[in-house]
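The values are calculated or read from the model by the stated rules, or taken from the named source; none is laboratory data. Note that the coordinates shown come from a computational prediction; the quantities given were computed from them, not determined experimentally. Neighbour counts run over all protein chains shown; Cβ positions are idealised from the backbone, glycine included.
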Amino acid sequence: MDELLAKALVVVTGKGGVGKTTVAAALGLAAARRGLRTILAEVAARDDLSRALGGSGAHEDELAGGLHHISIDPQAAMEEYLGDQLPSRTMADLLASSSIFTYFAAATPGLRELLTVGKVWELAQDTRRTPGGRPYDLVVLDAPATGHGVAVLTAPRTVAETARVGRIARQARTIDEMLSDPARTGVVAVARPEEMPVNETLALERSLRERVGLPVDLVVANGLLPGRFTASEERAVAGLDAGHAPVAAALAAHARHRTQQAQLARLRRRVAAPVVTLPFVFEPELGVQALTALSRMLEGGAP
Ligand SMILES: Nc1ncnc2c1ncn2[C@@H]1O[C@H](COP(=O)(O)OP(=O)(O)OP(=O)(O)O)[C@@H](O)[C@H]1O
Ligand SMILES: [Mg+2]
């Protein structure tokens, strides 16, 4: 965990709904507890972190001691970028108008991701471009679940290769340099211990290594269900009447636990990164208390 939190940027990836936002928040809490000035960055229009932890959105605001939050809107990131690059404010405003943005974003593969990750890169710099912006020790990116989950990490390289020359290509290369440097950028892959998510995690590890040259630093197997029976209890229960509803429910729950354990074992065998597990928390919504408990488990379980 020390090594992971010593990086400038930790990208939390994984398929939709596996627990990326939850794990990003837990990591942020763990980092802040260690005294690191930390910012959780998520891509706008979601604001999942704000809802769980009480942030307000597009500005860098402090949620709790040392933990900050920002919601990055690709269009706002483009306006900021253009305002920075163009001599005239009017020209920047014009170019950033939403129809032009929509047009460019649709026509340029990777642009939306580049703008998002460009802002993340800016947050992770020792010298901030944002006027009055203070540097952070750590940026935790709650990455959007797109494609193979690496779109955000590969976008700068894709754009640099497409544009090849010019200012955008140069800037994309600078961003890519940071993202593909394992000393500065860490990757946490979140998975549910189920067949497809495990396969996707293995594919993610492979494609990150091949396309960005980055290892996965940590795999979080999230949402582990408790077992209901010991082995001998299971044998005893197997002889009971499964038509009896409580018995059937307990057997089904135990079967889900067994399936998860088998997938977890497969994940551990096949993935190169260390695997840490988080239990399924039986609460209607995960608030600060539950997230803090999960952050302590992450710290306890990670190497
Ligand atoms: N360990 C857990 N125990 C119980 N509920 C969990 C756990 N992890 C996540 N959840 C819940 O599952 C739902 C999805 O989790 P989360 O929002 O973190 O996933 P995500 O990967 O960020 O999803 P998305 O791809 O939609 O952004 C949320 O309601 C969250 O509270
Ligand atoms: Mg999320």
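Checking ALA253 against (1) more than 16 Å from ligand 1 (Cβ to nearest atom); (2) more than 17 Å from the chain's Cα centre (by Cα); (3) of a type in the set (Gly, Ala, Ser), which test does it fail? With respect to (1) more than 16 Å from ligand 1 (Cβ to nearest atom); (2) more than 17 Å from the chain's Cα centre (by Cα); (3) of a type in the set (Gly, Ala, Ser), ALA253 is out only on (1). Does the stretch 15-32 include one or more residues that are in contact with a strand residue (DSSP E or B) (Cβ under 9 Å, 6 or more places away or on another chain), within 21 Å of GLU285 (Cβ to Cβ), among the hydroxyl-bearing types (Ser, Thr, Tyr) and within 11 Å of ligand 1 (Cβ to nearest atom)? Yes - at least one qualifying residue is present in the stretch 15-32.
Here's the yes/no breakdown for (1) touching a residue at least 40 places away in the same chain (Cβ under 8 Å); (2) within 19 Å of ALA145 (Cβ to Cβ):
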| position | (1), (2) |
| --- | --- |
| ALA172 | yes, no |
| ILE175 | yes, no |
| ASP181 | no, no |
| GLY186 | yes, yes |
| VAL190 | yes, yes |
| ALA203 | yes, yes |
| ARG206 | no, yes |
| VAL212 | yes, yes |
| LEU218 | yes, yes |
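Note on the stretch 176-190: residues that are touching a Leu at 6+ places or on another chain (Cβ under 7 Å) and either surrounded by fewer than 16 Cβ atoms within 10 Å (Cβ to Cβ) or not in a helix (DSSP H, G or I) (or both) amount to 8.
Taken over the stretch 45-90, the criterion of being hydroxyl-bearing (Ser, Thr, Tyr), surrounded by fewer than 16 Cβ atoms within 10 Å (Cβ to Cβ) and modelled with pLDDT of 65 or more is satisfied by SER88, THR90. Would the stretch 267-276 turn up any residue that is touching a helix residue (DSSP H, G or I) at 6+ places or on another chain (Cβ under 6 Å) and assigned to a helix (DSSP H, G or I)? Looking for residues that are touching a helix residue (DSSP H, G or I) at 6+ places or on another chain (Cβ under 6 Å) and assigned to a helix (DSSP H, G or I), one finds at least one in the stretch 267-276, hence yes. Selection of first residues in the stretch 135-150 that are within 10 Å of ligand 1 (Cβ to nearest atom) and of second residues that are among the acidic types (Asp, Glu) and modelled with pLDDT of 75 or more, restricted to Cβ pairs under 9 Å at least 6 apart or on distinct chains, gives the following pairs, ordered by first then second residue: ASP142/GLU42; ALA143/GLU42; PRO144/GLU42; PRO144/GLU113; THR146/GLU113; GLY149/GLU200. A count restricted to the stretch 202-252 and to residues that are small (Gly, Ala, Ser), assigned to a loop (DSSP other than H, G, I, E, B) and in contact with a His (Cβ under 6 Å, 6 or more places away or on another chain) stands at 1.
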